[in-house]
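Quick note: the coordinates plus some simple rules give every number you see, no bench work behind them. Every value quoted in this text rests on a predicted model; they were computed, and no experiment measured them. With ideal geometry, Cβ positions are generated from the backbone for all residues, glycine too; neighbour counts draw on all protein chains shown.
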Amino acid sequence: MNPTILVTAPKLAKAGADLLAQAGARVIYLHDPDSVEEVERIMATEPVDAVISRTVQLSARAIAACPTLKVISKHGVGVSNIDVDAATARGIPVYVTPGANAQSVAEMTLGLMFAAARRIGWMDAELHAGRWSRAQDGVELHGKTLGLVGFGQIGQRVARVCLALGMEVVAFDPALADGSSPVDGVRLMPSLDAMLPLVDVLSLHVPLNRHTRGLLDATRFAAMRRGAILVNTARGEVVDESALIAALRSGQLHAAGLDTMAIEPLPADSPLAALANVVLTPHVGGSTPAALAGMASGAARNVLGWLRGAPVDPLACVNPQVFS
């Protein structure tokens, strides 16, 4: 039988949709990409074999409601919206698409870094409003120290550009505890707290989990150099948002560039939207056409490979214990 695959979004990039069509799959798309209720209803009423998960929650209830479910793939790498424990309890592998959006997110990181350092967003808004407001308090990044929290594919790409710019680069990643840096010229730090006092710019590249939720709080902002810049293209919940706002208001932070926030979509009354030293983008770091095509095709290959009995690399599976 041809598989039934739920895509938890209204569409999938052509590269992935074509792979599913070639496999003869019946594809169900969401009408509302933010509706947990629609996901749960479909999972309870349709013989879904696989899910390609975008951003909406894939709950334990949805997973339990679908006896035919065999495999899940995230369209990306962050699985905080998927109840991985519930899938694991059912023996259902949860795959990701590592590297598919790394270049896109790295470039967004750099864009936010430059925009925050030079107040580009604020000046652009001023000129559009008819005011010739020439901010002359921008931060030159040459000679400054960049700290990377997480040093995987995205962080490594950011590091190479910033080294070429003339920045010092340090990084902390528990996965590199042996002290061997994958990028020449980048110094690995033994802990986040050891790194914070050294950095002028801090960029986050970690998943959201119980170890990273609220990772940056008031104490850690206070430990950074006064006038530092924060860039977050990871997950909003990694940062204590109240502490971030206080640090931005006090001048402890010069600016922030944020592609992710604790609550998305960002509420209209969020203090972040009112701060002139914050550059905001709506969680689109990994959403260039090239990145979307890579994630879509990667996710399609993940689920089709498993359903065909030829699973992809187990390193792309976040719960490999299901293989044993």
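Observations on the model:
- Sorted peptide list for 161-167, 268-274, criterion being average Cβ within 10 angstrom, highest first: 161-167, 268-274
- Using the Cβ-Cβ distance between A21 and E140 with R0 set to 45 Å, the FRET efficiency from 1/(1 + (r/R0)^6) comes to roughly 0.35.
- Charge dipole of the chain (Cα centre as origin; +1 on each Lys and Arg Cβ, -1 on each Asp and Glu Cβ, all else neutral): 360 debye, rounded to the nearest 20.
- Segment S250-D85, length gained on full extension (0.36 nm per residue, minus Cα span): 55.3 nm
- Taking amide hydrogens as placed 1.01 Å from N in the peptide plane, the amide H of I82 sits under 5 Å from those of L58, each at least 5 positions away in sequence or on another chain.
- For a straight C-alpha distance cut-off of 22 angstrom, the lysines reachable from K14 (same-chain residues fewer than eight places away being disregarded) are K74.
- Contact order, relative form, for region 102-280: 21 percent (alpha carbon pairs under 8 Å, 6 or more residues apart, mean separation divided by residue count).
- Taking θ as phi - 60° and the Karplus parameters 6.51, -1.76 and 1.60, the scalar couplings of region 199-212 work out to 9, 9, 9, 10, 10, 9, 9, 10, x, 8, 8, 5, 7, 9 Hz in sequence order, x denoting glycine and proline.
- Förster-model FRET efficiency, 25 Å R0, A273 and R131, C-beta, rounded to 0.05: 0.85
- Annotation for R226 and I28: the two label points, set 7 Å from Cα along the Cα-Cβ direction, are 5.8 nm apart.
- When peptides 181-191, 76-86, 196-206 are ranked by their average number of other Cβ atoms within 10 Å per residue, the highest-first order is 196-206, 76-86, 181-191.
- Candidate aspartates and glutamates for bridging to K144, where Cα separation is under 20 Å - those fewer than 8 sequence places away on the same chain excluded: E107, E168, D184, D193, D200
- Modelled label reach - A194, point 7 Å along Cα→Cβ, region 153-172 residues with backbone N closer than 20 Å: 156, 168-172
- Identified option (computed mean projected area of the Cα convex hull in nm²; candidates (i) 17.8; (ii) 19.6; (iii) 20.6): (i)
- When peptides 22-35, 123-136 are ranked by their average number of other Cβ atoms within 10 Å per residue, the highest-first order is 22-35, 123-136.
- Short-range pairs are left out: with C-alpha atoms under 8 Å and at least six residues apart, the relative contact order of the chain is 20 percent.
- Counting only Cα atoms, the size of region 124-234 along its three principal axes is 54, 32, 23 Å, in decreasing order.
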